[in-house]
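Q: Got a structure for you, questions after.
The values are calculated or read from the model by the stated rules, or taken from the named source; none is laboratory data. In this text, all values refer to a predicted model and were calculated from it rather than measured experimentally. All Cβ positions, glycine included, derive from the backbone under ideal geometry; neighbour counts span all protein chains shown. Surface accessibility is based on the protein's heavy atoms, side chains included, excluding ligands, DNA and RNA. Shrake-Rupley method; radii C 1.70, N 1.55, O 1.52, S 1.80 Å.
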Amino acid sequence: VTSIISSSLLNHKIDEFLKEKDSFDIKKLIEKYIEFIKNEILEDESISILFALYDLKEQILDFASFGMPAVLLQKNNDEIEKIKSNNLPIMKYTDSYETESYFVGDIKKFLFYSDGLVESRVKEDGLYMEYIKEDFNNSACLNGFISKVQSRVESFDDDVTIFYISKNSDTTEEPKEFLINSRLSEIDKVIEDVQNYFERFTCSQEYKQQFV
């Protein structure tokens, strides 16, 4: 099962949910995904995947991780916390799973990543998992974090996926929500709206680019 199959299925299901009148339910999405993927994998295969829904208004993170590395969170006091995987990887006979909800009002940034990152060997010796907490703590943005990774890791043996989310605390305005379908034209429109939004603030160009 390729990541393209998973992405296509999830995008399709999200579009379907958004057309319904009821609120989006991450549990329904997970159930639909498991129901489909169980019929696509062999008996000796498994899928590691992470589902996360971040409610900006309520500051709640709904979370279900199936064999993925721990998520890193940095609190406003700079303390680093971990959210470990709460499910085994999805297998052909998976019939139940756990979701958890976390209040993240005191969290200023998040790091989601695949095992290809932490299992990479560093130049000095050892694995990058020994340094990820330090580099996350000492980086102010995605670009800064990637620079620290590249200074330690010469090459990656596996694909690497990183989601680095920082909260914008420079404004007291209410959060603005964008509800779109997963089409490039709509994504481009949101990016343009976000760029226009930052034009109203005295942010450096480098700072603006972190969000787009």
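Q: Which of the residues that make up region 6-26 are out of contact with any strand residue (DSSP E or B) (no Cβ under 8 Å at 6 or more places or on another chain) and either modelled with pLDDT of 85 or more or surrounded by 13 or more Cβ atoms within 10 Å (Cβ to Cβ) (or both)?
A: Across region 6-26, the qualifying residues are SER7, SER8, LEU9, LEU10, ASN11, HIS12, LYS13, ILE14, ASP15, PHE17, ASP25.
Q: If the Cβ limit is 7 Å and pairs must be 6+ apart or interchain, which residue in region 178-194 that is outside any loop (DSSP other than H, G, I, E, B) pairs with which residue that is open to solvent by less than 80 Å² (accessible area, probe 1.4 Å)?
A: Going by the 7 Å Cβ cut-off, the qualifying pairs are GLU186/ILE180; ILE187/ILE180; VAL190/ILE180; ILE191/VAL212; VAL194/PHE211; VAL194/VAL212.
Q: Filter region 68-102 down to the residues that are under 24 Å from PHE24 (Cα atoms) and either open to solvent by 40 Å² or more (accessible area, probe 1.4 Å) or of a type in the set (Gly, Ala, Ser) (or both) and list them by number.
A: Matches in region 68-102: MET68, SER85, ASP95, SER96, TYR97, GLU98, THR99, GLU100, SER101, TYR102.
Q: Taking region 141-158, which residues are open to solvent by 20 Å² or more (accessible area, probe 1.4 Å) and free of Cβ contacts under 8 Å to residues at least 60 places away in the same chain?
A: Scanning region 141-158 gives GLY144, ILE146, SER147, LYS148, GLN150, SER151, ARG152, GLU154, SER155, PHE156, ASP157, ASP158.
Q: Please specify each residue of region 103-140 satisfying the condition of being open to solvent by 20 Å² or more (accessible area, probe 1.4 Å) and acidic (Asp, Glu).
A: ASP106, ASP115, GLU119, GLU124, ASP125, GLU130, GLU134
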